[in-house]
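The values are calculated or read from the model by the stated rules, or taken from the named source; none is laboratory data. From a predicted model like this one, the values you see are computed outputs, not experimental measurements. So basically every Cβ, Gly included, is an ideal-geometry build from the backbone, and we count neighbours across all protein chains shown. Ligands, DNA and RNA are stripped out before the accessible areas are found, and what is left, the full protein with its side chains, is counted by its heavy atoms. Shrake-Rupley method; radii C 1.70, N 1.55, O 1.52, S 1.80 Å.
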Amino acid sequence: MVDKSEKFRWLVRLGYLSRAVLYTLVGLIALTSIGSIQQGTNGVFQTVEELPGGMVILWLLVIGLAGYGLFRLASTVFDIEHQGSDGKGIAHRIGHAGSAIGHFALAYSAYKFATSESGGSGDGAQEAASGLLSMPLGGILLGALGLAFFAAAFSQARKGISGSFMHRISARAPSATRWLGGAGYLARAVVFTVIGWSLVRSGWFSSSGEVKTLGNAVASLADDGLWFTLTAIGLLMFGLFSVVLARYRIVPDMDASGSIPAFRAKLG
């Protein structure tokens with residue numbers, strides 16, 4: 001019988017694999033089809049939909065991205081990776097919250113494509129932002145979410161430079177993992193900064209149309225030449241890095257009862 005810990009590990013690994021597909025496609029599309037990447041995240045999912053077996057891939061992306069979002073949400077709420085409650089730990093956990101929300105938005109966008117006969121329309125993140133702006137203090141909440149993405153961007157850049165992510169990866173991982181991850185995290189820092197700024201602007205001007213997700217953020221760099229190319233290559237490398245994580249990431253474990261607060265990191 002497969003226990004809850006094993007099911008959780010498989011869900012997280014599927015999340016990393018889904019992330020690998022997504023970021024690899026974003027990088028490739030940005031480098032080879034500027035027209036598609038200018039459609040933002042919808043252009044990426046449109047490309048997936050047109051692949052052989054595209055509908056199956058879309059549903060795997062829905063499940064995997066949502067699963068990864070849950071993993072990061074648990075990291076935020078229950079501190080399953082033992083970041084702590086000091087200033088540094090809180091910053092990490094806020095970054096995980098931004099990552100969780102971002103991946104939930106991507107999962108929702110993929111879900112819209114998977115369930116629509118004519119393909120997805122609109123943008124899941126913009127729809128969510130519009131709903132948030134309709135609430136009391138919605139603009140402030142959206143701006144706070146933007147600040148969470150800024151925190152996540154800072155965390156990504158620090159990981160890329162320091163290589164601190166390696167201590168959560170098995171020693172059996174390929175030797176190129178450090179460089180794939182370093183380049184990938186730096187590229188994600190750029191993208192998260194763009195997303196964070198779009199959220200802050202949206203909250204300030206009460207306009208959900210300002211909100212950007214992964215594909216839209218990359219597309220917004222298209223006029224920046226070298227920055228665009230380097231970011232696209234970095235995201236492609238992050239996709240390859242995520243393939244490594246799907247196999248070699250050390251995933252936190254549940255206790256025998258399967259209680260979420262009792263997660264412990266298996267670093268041995």
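Summary of computed values
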{"quantity": "Output for the stretch 41-60, where each listed residue is within 19 Å of the chain's Cα centre (by Cα) and farther than 19 Å from G98 by Cα", "calculated": "N42, G43, V44, F45, Q46, T47, V48, I57, L58, W59, L60"}
{"quantity": "Some residue of the stretch 216-232 being surrounded by fewer than 18 Cβ atoms within 10 Å (Cβ to Cβ), among the polar types (S, T, N, Q) and either within 19 Å of S75 (Cα to Cα) or at pLDDT 85 or above (or both)", "calculated": "yes"}
{"quantity": "Within the stretch 39-67, considering residues that are of a type outside the set (A, V, I, L, M, F, W, C), free of Cβ contacts under 8 Å to residues at least 60 places away in the same chain and touching a helix residue (DSSP H, G or I) at 6+ places or on another chain (Cβ under 7 Å), the one farthest from L25 (Cα to Cα)", "calculated": "G67"}
{"quantity": "Unique residue being among the small types (G, A, S) and farther than 12 Å from F149 by Cβ when the list is A189, A219", "calculated": "A219"}
{"quantity": "Candidate set: the stretch 168-197, residues that are charged (D, E, K, R) and over 18 Å from the mean Cα position of the chain (by Cα); chosen: the one least open to solvent (accessible area, probe 1.4 Å)", "calculated": "R178"}
{"quantity": "Those helices (runs of 4 or more DSSP H) lying entirely in the stretch 132-222 with at least 2 residues aromatic (F, W, Y) and in contact (Cβ under 8 Å) with a residue 60 or more places away in the chain", "calculated": "177-205"}
{"quantity": "Of all residues making up the stretch 1-16, the number that are more than 11 Å from F71 (Cα to Cα), modelled with pLDDT of 85 or more and among the aliphatic types (A, V, I, L, M)", "calculated": "1"}
